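Okay, structure first, notes after.
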Amino acid sequence: MSKDVTRLYRQFVPSHYKLALEPNADKMIFAGRVEISGQKVGRPTKRLTLHQKGLKIIAVSVEAHSKGSSSQIPIDRINSHNRFDEVRLHSPQTLYPGSYTIIIEFSGHISRLMNGLYPCFFEQNGQPQKLLATQFESHHAREVFPCIDEPEAKATFDLSLTAPSGQTVISNTPIEKQTKSGALTTTQFATTPKMSVYLLAFVIGDMAFKEAKTKTGVLVRAYATPDNIQLVDFALDIAVKCLDFYNHYFGLDYPLEKCDLIALPDFANGAMENWGCITFREQCMLVDPSNSSLGTKQYVAMVVAHELAHQWFGNLVTMRWWTDLWLNEGFASWIEYLAVDNIFPDWNMWTQFITDEQQSALRLDALASTHPVEVPVHHPDEIRTIFDTISYNKGASLIHMLQQYIGADDFRAGLQHYLKKHQYGNTDTSDLWASLQEVSGKPVSKFMHAWTSQPGFPVVQSDLSGRKLSLQQTRFYADPSQAALAKPSLWPIACNSNPPGAPELLSTKTSMTELSESLSSIKLNQNQSGFYRLIYDQNQMSLLAQQVTAGKLEPLDRLGLLSDAFEAAKAGYSSSTAALRLLDSYSQEDNNAVWDVIAGGLGNIRVVMDDQPLREAMQPYVQQLVQIQLKRLGWKDKAQESHFDSLLRPTIIGLAAASEDAAVVKECLSRFKLMTKPEDLPADLRSVIYNTAARHGNQSTFDKLLNLHNNSISSEERTTLASALTGLKQPEIIDQALSLIKTDSIRLQDAAYWVAYSFMNRHSKHATWQWLQTNWEWLEKNLGSDLSFARFPLYAARSFSDAAFLKQYKTFFEPRVNPAIERAYRQGLETLSWQIAWKKRDLDNIRHEFVDRIIGPK
């Protein structure tokens, strides 16, 4: 186990920072001065310790305050401890607990790693331009100024920035004063509320904005580089509506005078919730009304809603330590759906929640190498290893399950109680449970403890015979061989049955219930609110399949039934042929979320089985499977069609194209040939057309795609094109695509996309593996502190299912395992293991199943 980092907050408690910074974008350096007022606590010592990393300390002075007077404290030695990211100020005299002011002058370097203070690059009127921006979460404020860089160390901040006159300067609070001196202007910002240091932020450079106001008068501005300012309207509108919604839902008004949303050309993650100064990757904020896909529009709405939720849940009330990061992110990942559902009720967000959040979390959490959502964090460096599907998606899924368990009204009232009680303070997960329990009267702490403290989740086996219902829970493993090595686990499972009759909670390993009447089948986990999988006996499954065919199950129940069947088959709990036969009852399916499960299940078979005869045998089956929806939807949007139909069209056309439907492929290639610019293609179908052209393309196809990529200023469009550019099959073109990753043609923030997409292409995955090994040092140097770096082992593992690659994987990664990739490395090992086992167990059966569908059983 890692050793806990020393908590400096337990030695010195800051109350106020007066920070002045003067960055020089040309020289990539900055100078600064900080005055930190606070209380020394604990035992008397002869030193004061602050966080700093990579800074040059130029001068230090310390004042002690007592009974209205101040005295200078001598400092005879200053030690910077790089291993601990600390600067230690030693005094020859004993420093007793009390009030102190620490004044430090310092300088530092502007980073290219998209942490701390870093540059963003763009062009304006053909000329290169540079912005400066900050990213302080989780522990990068120390790279810009000495501080107590811990979430519990809340303080107020007075920030002043000196920058070239005429440049836009933005921070958490409104501008209070500007003073011009020659070519430079010093901007002083209003004092911030009491907040964690990781939420301090600023941006300097040439930016434009549009603005609007909430019902309570909060000024909301959406900023972008001047060439992209026309693309901020959608995000601005969503932001205003979300703030109004959250004001009402939380029962506390947004506490700042203004809220800025800033689209940055270079940004490591999706977005960052800095209080009143929210920063975004461009593709997470910018929407072209006539040129962005519906999926992008929905994604932007959700990211904006997510970051604005943090203004209360994370900023106003903050976790005490990073161990409770999951609740911060899991809650925002849940309530973003509530907010967007309120704004766009016809989007059916809760159906999409189950597909996008719950199902993805269940897949990762099926590994033995998963982690509990409430996992101890001993050092901030570990955070990037848990900034993952478990913290976000499983966290959101558990919040959703809890809300269903205690009821929507009590859940909201409990949240309001929690926020009012702890505003401007720090909490642990138990504080939220206590508020929800107090309001609802239900045993929230007891119910949630098993779900948050244990890794994994249960699978419930349901056997029904007349009136006797037998339920049994065990932990679900993607690789069943892990089950023999694990400790027994139990969860309190909300059965939520239809028709009613099953116990409300299954909290024991087994349960036998005598129903009030004889039933042929019973559907558990209605609407998929519970975080578990189900395996029904053969008779129940057959009858449930008949209900699917007859249209008697709701979309979420159809989704859950099929997803559970696919995942149980992969893990060896049931056969893959049984899952495929269940799929036959979905021939009339018209729900996009259910089709996401269908596409994912068939895609997993193609990737993991990695068998050309099977691939060819699957093509006519998939062509037939999609025909009803292909004819219904067609290629053009229909007047008044539903949001789900608009999302379903590219899914269906994409499946038809991937299965080599001749008419669909011909149409895709014809449209690609005739296009001269992206706008010539429907935004929702562009990805399908690009990727089909790439799959059937040659060097001229690649050149056309690359030209489109290099001439686009749209982050969304470049990402879409990256998928196609890495999708050709010729070895020499694959090498060209991989060689671009380290060039200026590809932004560093997009490198992970190119590697992931290249691994997903069966023709390029071996070349990508070789490229990854050859360029590992470059990736580590340039992306080592980025969250995407930890995912590279998983990108590789998910693409292979043979023992030879498993050996190569171990040989390469074992000597290079460090805290940043250790968890992903182990998850990759396990992923390879279950994929190899599934292929060995089921390849022949699956191949025969599809061959029989074509030529009939022998």
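The values are calculated or read from the model by the stated rules, or taken from the named source; none is laboratory data. Just so it is clear, the structure is predicted and the values come from calculations on it, not from any experiment. All Cβ positions, glycine included, derive from the backbone under ideal geometry; neighbour counts span all protein chains shown. To get the accessible areas, we keep the full protein, side chains included, count just its heavy atoms, and leave off ligands, DNA and RNA. Shrake-Rupley method; radii C 1.70, N 1.55, O 1.52, S 1.80 Å.
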(request) Could you list all residues from region 143-155 that are open to solvent by less than 10 Å² (accessible area, probe 1.4 Å) and outside any loop (DSSP other than H, G, I, E, B)? (result) C147, A155
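So that you can scan it fast, the table gives a plain yes or no per residue for (1) at pLDDT below 95; (2) open to solvent by less than 20 Å² (accessible area, probe 1.4 Å); (3) charged (D, E, K, R):
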site: Q188; (1), (2), (3): no, no, no
site: M207; (1), (2), (3): no, yes, no
site: D233; (1), (2), (3): no, no, yes
site: L236; (1), (2), (3): no, yes, no
site: C242; (1), (2), (3): no, yes, no
site: L252; (1), (2), (3): no, no, no
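Keeping to region 783-805, report how many residues are open to solvent by 40 Å² or more (accessible area, probe 1.4 Å) and either touching a residue at least 40 places away in the same chain (Cβ under 8 Å) or over 21 Å from the mean Cα position of the chain (by Cα) (or both). Walk me through it before giving the result.
Within region 783-805, the first condition is being open to solvent by 40 Å² or more (accessible area, probe 1.4 Å), and the residues that meet it are 791, 795, 798, 802-804.
Going one step further and asking which of them are either touching a residue at least 40 places away in the same chain (Cβ under 8 Å) or over 21 Å from the mean Cα position of the chain (by Cα) (or both), we end up with 795, 798, 802-804.
Result for region 783-805: 5.
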(message) Which count do you get for residues in region 118-142 that are outside any strand (DSSP E or B), among the polar types (S, T, N, Q) and closer than 13 Å to Y198 by Cα?
(response) 1
(request) May I ask you to list the residues in region 499-512 that are at pLDDT 90 or above and open to solvent by less than 30 Å² (accessible area, probe 1.4 Å)? (result) L506, S511
(request) Just one of (1) touching a His at 6+ places or on another chain (Cβ under 8 Å); (2) in contact (Cβ under 8 Å) with a residue 12 or more places away in the chain trips up N79, so point out which. (result) (2)
(request) Check off (1) open to solvent by 30 Å² or more (accessible area, probe 1.4 Å); (2) within 19 Å of the chain's Cα centre (by Cα) for M760 and give me the number that stays unchecked. (result) (2)
(request) For R363, state whether it is open to solvent by 10 Å² or more (accessible area, probe 1.4 Å), in contact with a strand residue (DSSP E or B) (Cβ under 7 Å, 6 or more places away or on another chain) and touching a residue at least 40 places away in the same chain (Cβ under 8 Å). (result) no
(message) Suppose the filter is β-branched (V, I, T), outside any loop (DSSP other than H, G, I, E, B), farther than 22 Å from Q358 by Cα and out of contact with any Lys or Arg (no Cβ under 9 Å at 6 or more places or on another chain); does I598 pass it?
(response) no
(request) Tell me which residues, restricted to region 816-850, are within 17 Å of D802 (Cα to Cα), among the hydrophobic types (A, V, I, L, M, F, W, C) and open to solvent by 10 Å² or more (accessible area, probe 1.4 Å). (result) L829, W834, I836, A837, L843
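Conditions tested, residue by residue: (1) outside any strand (DSSP E or B); (2) touching a residue at least 12 places away in the same chain (Cβ under 8 Å); (3) under 26 Å from F84 (Cα atoms); (4) among the β-branched types (V, I, T).
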{"residue": "F157", "(1), (2), (3), (4)": "no, yes, yes, no"}
{"residue": "T162", "(1), (2), (3), (4)": "no, yes, no, yes"}
{"residue": "T173", "(1), (2), (3), (4)": "yes, yes, no, yes"}
{"residue": "K177", "(1), (2), (3), (4)": "no, no, no, no"}
(message) Of everything in region 716-745, what is surrounded by fewer than 23 Cβ atoms within 10 Å (Cβ to Cβ), in contact (Cβ under 8 Å) with a residue 24 or more places away in the chain and not in a helix (DSSP H, G or I)? Give them in sequence order.
(response) K729, Q730, S745
(request) Could you pull out the residue among E732, E716 that is more than 29 Å from A656 (Cβ to Cβ) and among the acidic types (D, E)? (result) E732
(request) Select from region 541-578 the residues that are under 23 Å from F353 (Cβ atoms), without any contact (Cβ under 8 Å) to a residue 40 or more places away in the chain, outside any loop (DSSP other than H, G, I, E, B) and of a type in the set (A, V, I, L, M) and list them in ascending order. (result) L544, V548, L561, L562, A565
(message) Just to be sure before I move on: is T94 out of contact with any Leu (no Cβ under 7 Å at 6 or more places or on another chain), part of a strand (DSSP E or B) and in contact (Cβ under 8 Å) with a residue 60 or more places away in the chain in the structure I sent?
(response) no
(request) Could you grab me the full set of residues in region 48-70 that are more than 13 Å from T101 (Cα to Cα) and either modelled with pLDDT under 95 or in a loop (DSSP other than H, G, I, E, B) (or both)? (result) Q52, K53, G54, L55, K67, G68
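Somewhere in region 24-32, is a residue in a strand (DSSP E or B), in contact with a Pro (Cβ under 8 Å, 6 or more places away or on another chain) and either at pLDDT 95 or above or not hydroxyl-bearing (S, T, Y) (or both)? Lay out the reasoning, then the answer.
We begin by selecting, within region 24-32, every residue in a strand (DSSP E or B); these are 24, 29-32.
Next cut, in contact with a Pro (Cβ under 8 Å, 6 or more places away or on another chain) only: 29-30.
Remaining after also requiring either at pLDDT 95 or above or not hydroxyl-bearing (S, T, Y) (or both): 29-30.
Checked region 24-32: at least one residue is in a strand (DSSP E or B), in contact with a Pro (Cβ under 8 Å, 6 or more places away or on another chain) and either at pLDDT 95 or above or not hydroxyl-bearing (S, T, Y) (or both).
Considering region 513-528 alone, what residues qualify as being crowded, with 16+ Cβ neighbours inside 10 Å and not basic (K, R)? Before you say what the answer is, go through the steps one by one.
Keep residues of region 513-528 that are crowded, with 16+ Cβ neighbours inside 10 Å, which gives 513, 515, 519, 521-528.
T513, L515, L519, S521, I522, L524, N525, Q526, N527, Q528, listed by residue number.
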(request) Go through region 676-703 and count every residue that is surrounded by fewer than 17 Cβ atoms within 10 Å (Cβ to Cβ), free of Cβ contacts under 8 Å to residues at least 24 places away in the same chain and either touching a His at 6+ places or on another chain (Cβ under 8 Å) or part of a helix (DSSP H, G or I) (or both). (result) 3
(message) So if I check each of A339, A301, which one is in a helix (DSSP H, G or I), farther than 20 Å from S453 by Cβ, touching a Phe, Trp or Tyr at 6+ places or on another chain (Cβ under 6 Å) and among the aliphatic types (A, V, I, L, M)?
(response) A339
(message) Being in contact with a Gly (Cβ under 6 Å, 6 or more places away or on another chain) and aromatic (F, W, Y) is true for just one of W326, W350, W312. Which residue is that?
(response) W326
(request) Go through region 1-28 and give me each residue that's open to solvent by 50 Å² or more (accessible area, probe 1.4 Å) and under 18 Å from S160 (Cβ atoms). (result) K18, E22, N24
(request) Please verify whether region 598-616 includes one or more residues that are touching a residue at least 24 places away in the same chain (Cβ under 8 Å), open to solvent by 10 Å² or more (accessible area, probe 1.4 Å), farther than 27 Å from E830 by Cβ and not aliphatic (A, V, I, L, M). (result) yes
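Matching residues to (1) among the aromatic types (F, W, Y); (2) touching a helix residue (DSSP H, G or I) at 6+ places or on another chain (Cβ under 8 Å); (3) surrounded by 23 or more Cβ atoms within 10 Å (Cβ to Cβ); (4) free of Cβ contacts under 8 Å to residues at least 24 places away in the same chain:
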site	(1), (2), (3), (4)
H248	no, no, no, yes
G270	no, yes, no, no
M285	no, yes, yes, no
S290	no, yes, no, no
